Amino acid sequence: MTFESLISEACSRFPEVQTEFEMQKRAGDIDESLGQHIFFSFVFDKILFRAIDKKKEDIVQSMFIFLEEMETSGDSNIAEVVEFTTLEELCDDYRNVQFEKYLGSETKLALKAIREYMPEQAQL
């Protein structure tokens with residue numbers, strides 16, 4: 001996994017993500033040139049949040065496994081996508097939802113760090 005391949009990797013692993021990406025590209029809302037953070041915010045996270053809302057456990061679990069792989073990739077640019085795009089948005093949108101059960105060890109550490117620098121995100 002490389003930073004440059006994140007979009008294609010996410011699309012190949014998750015057909016729902018590919019479908020959403022293609023739909024947004026056709027609508028002119030997004031394309032590859034906008035970068036990984038925008039893609040994850042507008043496409044990947046949208047599918048993840050929809051799966052959380054609809055309690056599609058298999059998709060949610062698979063997507064969190066992918067996030068853990070990204071976090072442990074050894075590439076700080078990839079980890080930043082997980083931390084500053086997906087985990088922060090999860091904290092904002094799902095403060096009271098227990099999504100932590102899906103996190104791997106490294107994404108749990110990242111979430112803990114986010115909650116330390118964003119005190120309003122601290123768990124009650």
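Could you work out Rg/(2.2 N^0.38 Å) for the chain, with Rg from alpha carbons only?
Expressed relative to 2.2 N^0.38 Å, the Cα Rg reads 1.01.
Per DSSP H run of n ≥ 4, the term is -39500 (n - 2.57); total these for the chain, divide by its residue number, and report the mean residue ellipticity at 222 nm rounded to 500 deg cm²/dmol.
Details: 8 runs with 72 residues, N = 124.
Dividing the helical sum by the residues of the chain leaves -16500 deg cm²/dmol.
Where in the chain lies the longest segment free of trypsin sites (Lys or Arg not before Pro) that are both loop residues by DSSP (not H, G, I, E, B) and have at most 14 other Cβ atoms within 10 Å?
Values: sites that count: Lys54, Lys55, Arg95.
So the longest stretch without any such site is 1-53.
Values quoted throughout were computed directly from the atomic coordinates according to the rules given, and no laboratory measurement underlies them. Note that this is a predicted model, so its numbers are computed, not measured. Every residue, glycine as well, gets a Cβ built from its backbone with ideal geometry; the counts of neighbours run over all protein chains shown.
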